[in-house]
Amino acid sequence: MAAVNQPEVSDKVAVEIRKMNKWFGTFHVLRDIDLTVYQGERIVIAGPSGSGKSTLIRCINALEEHQKGSITVDGTLLSNDVKNIDRIRSEVGMVFQHFNLFPHLTILENCTLAPIWVRKTPKREAEDTAMHFLTKVKIPEQADKYPGQLSGGQQQRVAIARSLCMKPRIMLFDEPTSALDPEMISEVLDTMIELAEEGMTMCCVTHEMGFARKVANRVIFMDEGQIVEQNEPEEFFNNPKSERTKMFLSQILGH
Amino acid sequence: MSQADTSYVRKHMLAESPPPAAETGVLKWLRENLFSSPANALLTIVSIYVVYQLIVASAPWLVNSVWVSPSLSACREILDGEVGACFAVLTERWNQLLFGFKYPTALYWRPGLAFILLFVCAAPLLFFKFIPRKFMVLTGLYPFVAYWLIWGGTIFVPLFALLGLLAGAYVYKKTLFASAGLAVIAGFTAALIVWLLTSYMIRDLEYTLALQPVPSRDLGGFMINLMLGVTCISLSIPFGILLALGRQSSMPIIKWICVVFIEFIRGVPLITLLFVANVVLGYFLPPGTSFDLILRVIIMITMFASAYIAEVIRGGLAALPKGQYEAADSLGLDYAQSMQFIILPQAMKISIPGIVNVAVGLFKDTTLVSVISMFDIVGMIRGPILASSQWNGVYWELFGFAAVLFFITCYGISQYSQWLERQLQTDHR
């Protein structure tokens, strides 16, 4: 697989996670997570199910609350203050496994709602931006339809466009292709690759190892709520260090 | 399967083609729907027989009906021993059935006009997809106009009430940036101040721009049922939304207030609440204050209905996938925005059948006010009309008429709600 042109990674920190711990009830899901993401970096988080990788990125925009340690997003320390959380969320885009488009709004309204009400962008301008990003994900002609009328791949691309309309500085992807038919995975991955080439800071939880090889600057392997191994993709896939990583890779790349 | 069959390459893809034209004809319809099996054929024949018997039994009653007659005995004379309905009671007491027996005859046009305006002013809300938003101003003004038309008195009473609300809304909007809780309190205070100040001015304005006043106890007939139904249903929906959201709140005090309110009101029969409104509430009010009975009843029925509607909406909120909340959150929408634009529109859509169920039930329950000696349509029938010497004994015609009125209204509500559900459907179109 040909490597895509990799934009420069700056030395400015986008997300800094220090000694972060999280429990679901008494279950210790995340244990002492230390992670620094630099601006322009593309990180892929892999690991078996239940390893806490989704929970980790959901902590970054406070969809899950962490109990110990600190998370700093774009220079702002995540606290319990509602306004602080809302501000961080408006800077961090998120794409979900099940798209989570708003079914009662048209595609265009899905994309303009947050810019109009959170960013206070004038309606006309928000619509222009929305059409720009819908064109970028190659579905401008669907703008007046409702999500229920689109295919899964199209819906996920709309979800990406909806996040981009907020002009986020960081994008989080929570298994964006796991709910898609095989034929539709590549159209979503193409969109994500394009985004990566433009230098967007991205944290992707995904099982698409081809995507990880092609796009990521760093692959993080998690198991049992902790980071087991992280490395550049070449090293990670060709020369994994930990036994657990070797086993995981042999299982998912075995076929 | 032979060896030759396994290898196959399609030469051309089939084009999309229309479905086969449906067979038509009355006979086919009859065969498929009425006589598809011996058992169904038997059921069809039995049903036809039952319907036939019903028609035969009721036809003479309807055909021979008498529409003009001063009393039941006169009616029987006209019928001369034959079976026949005496609908003359409806024509004779038409106004009483609709407006009660004390509403001034010369002023019937006022509630009549209010009734017509109801449709005009509700239209922008009911058909919000087809009528420009700005016409909703009419909907907002309607309660004040209707109050003035029905009760009369100086126009300044509803005008000042409106002024207070507007002042409250304005202050609420201006203080919202600080905190939502503060804004509610500030808005409420502003409205109270305006009402307090204007209440002093009202005394001097009693006869300026005034319609002839009609006291609450003079209202009656189907008018009361409509007034209570429309007012209580439209008030209980916003209160129900607030209660449902409050019950989901993460703030324990708000949550428990809502839970206790809902569970208490749902655990008490409506008729008990009406008795409380009628009798018990008087003990708690300072002596000398008279608190309008209709207002008390409206408060009680609204409380009752909002508890039920809150639970219906809670069902709608619970039916939404968690992902909708998360998507709204992840875009940076705050609580009020995500509720207003994302959660409530969807939850309300899911709740439409349940809300309509409560609304229809509530509308019919407004007849319970006859028990606390208000003369709504049932109160009129049981009281002044059946008790009069002319019409003592006319049951079928009167209660049948009340049933028809309620059926028309409730069927209308039901049809509208089904139409609305189709309008809001956004998938598979």
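Where a number appears in this text, it was derived from the coordinates with a stated rule and is not lab data. The model shown is predicted, which means the values in this text are computed figures rather than measured ones. FYI the Cβ positions are ideal-geometry reconstructions off the backbone, even for glycines, and counts take in every protein chain you see.
Assorted remarks:
- Scanning chain B for long hydrophobic helices, with DSSP H runs required to stretch 18 angstrom or more by C-alpha along their axis and to average at least 0.0 on the Kyte-Doolittle scale, returns B:38-63, B:109-126, B:136-151, B:156-175, B:180-202, B:222-248, B:252-266, B:293-319, B:344-365, B:396-424.
- Cα-based equivalent ellipsoid of region B:196-254: semi-axis lengths in Å, sorted from largest, via gyration tensor: 35, 22, 8
- Filter on B:129/B:322; A:120/B:173; A:19/A:241; A:22/B:255; B:102/B:364; A:83/B:322 - keep pairs with C-alpha separation over 18 Å: B:129/B:322; A:19/A:241; A:22/B:255; B:102/B:364; A:83/B:322
- Taking the Cα atoms of region B:278-354, the ratio Rg/Rh between the radius of gyration and the Kirkwood radius comes to 1.25.
- For chain A, built as a Gaussian network whose Cα springs stay under 10 Å, the top-fluctuating residue of A:157, A:213, A:119: A:119
- Across region B:218-239, the residues whose backbone nitrogen lies under 17 Å from the label position 7 Å along the beta-carbon direction of residue B:276 are B:236.
- Rg/Rh ratio calculated on Cα atoms of region A:108-166 (Kirkwood radius): 0.95
- Within a Gaussian network of chain A (alpha carbon springs, distance under 10 Å), most fluctuating of A:87, A:218, A:58: A:87
- Counting only whole DSSP H helices of chain A, there are none at least 27 Å long by C-alpha along their axis and with mean Kyte-Doolittle hydropathy no lower than 1.6.
- Of all DSSP bridge pairs formed entirely within region A:126-255, close to 50 percent run antiparallel.
- In terms of its Cα atoms, the protein assembly as shown spans 108, 83, 48 Å along the principal axes, sorted from long to short.
- Computed from the C-beta positions of residue B:169 and residue B:196 and an R0 of 25 Å, the FRET efficiency is 0.90 to the nearest 0.05.
- Distance between modelled label sites at residue A:120 and residue A:31, nm, 7 Å Cα→Cβ extension: 4.7
- Proximal aspartates and glutamates to residue B:349, defined as alpha-carbon separation beneath 15 angstrom and excluding residues fewer than eight positions away on the same chain: B:311, B:421, B:427
- Each label point was placed 7 Å from the Cα along the Cα-to-Cβ direction; for residue B:6 and residue A:84 their separation is 6.8 nm.
- Under 24 Å from the Cα of residue A:12 - lysines, other chains or at least 8 residues apart: A:53, A:167, A:214
- When peptides B:72-84, B:221-233 are sorted by average Cβ neighbour count within 10 Å, with the highest value leading, the order is B:221-233, B:72-84.
- Scattering profile of region B:22-145 at q = 0.19, 0.20, 0.21, 0.22 Å⁻¹ [log10 I(q)/I(0), Debye over alpha-carbon scatterers]: -0.98, -1.05, -1.12, -1.19
- Alpha-carbon Rg with Dmax, taken over region A:134-255, Å: 16.1, 51
- Exposure proxy shown here: for B:366, A:36, the number of other Cβ atoms within 10 Å sets the order, fewest to most, as A:36, B:366.
- Rg of the Cα atoms in chain B, relative to 2.2 N^0.38 Å, amounts to 1.30.
- Build a GNM of chain B with springs between Cα atoms under 10 Å apart, and of B:417, B:37, B:388 the one that fluctuates most is B:37.
- Placing a label point 7 Å from the Cα of residue B:47 along the Cα-to-Cβ line, the residues of region B:24-39 whose backbone N sits under 20 Å from it are B:25-39.
- Computed from the C-beta positions of residue B:95 and residue B:248, the FRET efficiency with R₀ = 60 Å rounds to 0.80.
- Each principal axis of the Cα atoms in chain A has its own extent, and those three values, largest first, are 54, 44, 36 angstrom.
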